[in-house]
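The values are calculated or read from the model by the stated rules, or taken from the named source; none is laboratory data. What you see is a predicted model; the values in this text were computed from it and never measured. No Cβ is skipped: glycine too gets one built from the backbone with ideal geometry, and neighbour counts run over all protein chains shown. The area values use the complete protein model at the heavy-atom level, side chains included, leaving out ligands, DNA and RNA. Shrake-Rupley method; radii C 1.70, N 1.55, O 1.52, S 1.80 Å.
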Amino acid sequence: MSTRSIEFRLGAWYSIVFACGLAAFSIAAWFAMRASLDRAIDDELIDRVRGVESFMDQQISALSLPEIRDEFREHSVLGPGGDLFQVCDARGEWLYRSVPLENLNVPILHPGDLHGARFEDRNLNGRVLRFYSQAIAVHRSPYTVQVASVLNEGLAALQRFRLLLVLAAPVLLLAATAGGYFLSRRALAPVDAISRAAQRINIENLTDRLEVPRTGDQLQRLSETLNATFTRLERSVTHIKQFTADASHELRAPISLIRTTAEIGVQRDRPAAEYRDLLNDILHEAERTSQVIDSLMLLARADSGKETLECNLVDARVIVKSAAEQGEKLIRNRALKFTVETPASPVTIHADADALRRVFLILIDNAFKYTPDGGTVWLRLSAVPGFGIVEVSDTGIGIARQDLAHVFDRFWRADRARSREQGGAGLGLSIAEWIVREHRGSIEVDSKHGRGSVFRVRLPAV
Ligand code: ADP
């Protein structure tokens, strides 16, 4: 398993967090146990001093010193730790001293030296004793009462607890790490299943889709996103297949024409004029073919983002007039009326003048091609707030309503035979649409079958 895999990182994070939690819990538990042990011992010591004080308060005036000592001795054998106790008076004389404390020779503490009460731990002969010393006043005479408790048992219990924690921690940590790894594997298993299913989808079965789990979580979103990606891929592949098929069809026709014409030429000897005609036919088809190839190359470069435009601030009137001049040449032998209208003031746009001239020429050329003699073609430039608008309208054959949605599709032609005759491959409007889009503009068409068409280009003005 790679150390960069999600499973490993999840498992590692889980273990680290668990280890920190366990350490914090163990330390807190140990301190809490020690504090409660200390409190229990201290409370017991205070209680014992209180017992001695109340006994002395009641009995000291009624009993002689030996009697008091006897009472204390009796008392000291009762209760846990009762034999660790001593009392002395203001002169430092022992009123009572239990045998174990006497053996340990715990020094006197004058009531005057002791301000209030004091706890202290002492290590005596290998035993840890906790002392509580308190100055008391009985019938106005000061005394020091000292009681003690052996801590060894409590300390041993604490040590056992610590050992338990130290031994249990690695086991718990190991179990938690294994659990964390198992959980992360289980959580990620559906992702593996999705990626295996996604791997099975390729170019041959691009219509297949992943099963979407209705879990409302990331897994559902992942499957849906992948399915949406496959749909987009499928669309693109269909588009490319269609484009390739259309392109080869479009190129096959002129090439077979060139070939047939050349074959006719070589079949037998002919007069020079006939050869010239045949060669002219070949030249015409060759020119047409190279135009189609140029258009295809331009669209391919546009698709791959390699074709870029060089935009500058220009007056749209200049581009429109230049396109109109070139257009005039196309209808020298035609009985068509061509009207150009431009506004009096400049329409400044940010544009690539050559590319835009190409757009207007495509539209003018189409209008000429699809308008029978006797008709009229208008080229109009106008300005509305924020936009320059160029309209090319004609009184030609128009476009059927159901075809309007396709006019900008590549290779689409309403009438293939007729368009081809007139030199069209169905790529002009696709190129025009791409150029306009690159200018952040829009192009639309309005047409009535048999009555004429209007192509409208809207360009952002500066
Ligand atoms: P083409 O080179 O075939 O003209 P275009 O992409 O420029 O290719 O146009 C696509 C098709 O749209 C044309 O074949 C034609 O059927 C239709 N079309 C374009 N302009 C007009 C128009 N002004 N009037 C009628 N039909 C048109």
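Structure values in brief
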quantity	calculated
Residue check for Phe387: open to solvent by 20 Å² or more (accessible area, probe 1.4 Å), more than 9 Å from the ligand (Cβ to nearest atom) and touching a Leu at 6+ places or on another chain (Cβ under 9 Å)	yes
Val384 vs. criteria farther than 26 Å from Val292 by Cβ and without any contact (Cβ under 8 Å) to a residue 12 or more places away in the chain	yes
Residue within the stretch 400-407 that is among the charged types (D, E, K, R), more than 13 Å from the ligand (Cβ to nearest atom) and within 48 Å of the chain's Cα centre (by Cα) present	no
Whichever residue in the stretch 439-462 is more than 39 Å from the chain's Cα centre (by Cα) and on the phi > 0 side of the Ramachandran plot and, among such residues, is modelled with the highest pLDDT	Gly452
Near pairs, Cβ below 9 angstrom, 6+ apart or cross-chain, from the stretch 389-412 (over 26 Å from Met297 (Cα atoms) and of a type in the set (D, E, K, R)) to any residue that is more than 8 Å from the ligand (Cβ to nearest atom) and part of a helix (DSSP H, G or I)	Asp394/Phe368
Flag if Asp83 is under 18 Å from Leu45 (Cα atoms), more than 60 Å from the chain's Cα centre (by Cα) and open to solvent by 60 Å² or more (accessible area, probe 1.4 Å)	yes
In the stretch 358-391, the residues that are under 18 Å from Gly424 (Cα atoms) and either basic (Lys, Arg) or touching a helix residue (DSSP H, G or I) at 6+ places or on another chain (Cβ under 7 Å) (or both)	Arg358, Val359, Phe360, Leu361, Ile362, Leu363, Ile364, Asp365, Asn366, Phe368, Lys369
Residues of the stretch 324-351 satisfying the condition of being touching a residue at least 40 places away in the same chain (Cβ under 8 Å) and among the basic types (Lys, Arg)	Lys337
Hey, Ile240 aliphatic (A, V, I, L, M) and more than 30 Å from Glu7 (Cα to Cα) or not	yes
Among the residues listed as Phe85, Phe55, Phe72, the single one being touching a residue at least 12 places away in the same chain (Cβ under 8 Å) and touching a Lys or Arg at 6+ places or on another chain (Cβ under 8 Å)	Phe85
Subset of the stretch 437-462 [touching a strand residue (DSSP E or B) at 6+ places or on another chain (Cβ under 9 Å), more than 9 Å from the ligand (Cβ to nearest atom) and under 21 Å from Ala414 (Cβ atoms)]	Ile443, Glu444, Asp446, Arg456, Val457
Options Ser295, Ser393: the member that is part of a strand (DSSP E or B), within 15 Å of the ligand (Cβ to nearest atom), open to solvent by less than 40 Å² (accessible area, probe 1.4 Å) and among the hydroxyl-bearing types (Ser, Thr, Tyr)	Ser393
Cβ-Cβ under 6 Å pairs, at least 6 apart or on other chains, the stretch 120-139 side within 12 Å of Leu109 (Cα to Cα), far side in a loop (DSSP other than H, G, I, E, B) and open to solvent by less than 40 Å² (accessible area, probe 1.4 Å)	Ser133/Leu109; Ser133/Leu114; Ala135/Pro111; Ala135/Leu114
One residue from Asp365, Asp409 being out of contact with any Asp or Glu (no Cβ under 7 Å at 6 or more places or on another chain), closer than 21 Å to Ser442 by Cβ, open to solvent by 40 Å² or more (accessible area, probe 1.4 Å) and modelled with pLDDT under 95	Asp409
Contacts under 6 angstrom Cβ, first residue in the stretch 178-203 being open to solvent by 100 Å² or more (accessible area, probe 1.4 Å), partner among the charged types (D, E, K, R), 6 or more apart	Arg185/Glu7
Options Ala228, Ala197, Ala187, Ala176; residue that is within 26 Å of the chain's Cα centre (by Cα), over 30 Å from Val128 (Cα atoms) and either of a type in the set (Val, Ile, Thr) or modelled with pLDDT under 90 (or both)	Ala187
Meets criteria (more than 30 Å from Asn105 (Cα to Cα) and surrounded by 15 or more Cβ atoms within 10 Å (Cβ to Cβ)) for Leu173	yes
Residue that is more than 30 Å from Glu391 (Cα to Cα) and outside any strand (DSSP E or B), where the choices are Arg276, Arg288	Arg276
Matching residues, the stretch 355-378, being part of a strand (DSSP E or B) and within 12 Å of the ligand (Cβ to nearest atom)	Val377, Trp378
Residue list for the stretch 111-127, filter: surrounded by 15 or more Cβ atoms within 10 Å (Cβ to Cβ) and either of a type in the set (Asp, Glu) or out of contact with any Phe, Trp or Tyr (no Cβ under 9 Å at 6 or more places or on another chain) (or both)	Leu114, Leu124
Residue in the stretch 416-436 that is surrounded by the fewest Cβ atoms within 10 Å (Cβ to Cβ), counting only those that are near the ligand (Cβ under 6 Å from one of its atoms), part of a loop (DSSP other than H, G, I, E, B) and modelled with pLDDT under 90	Gly424
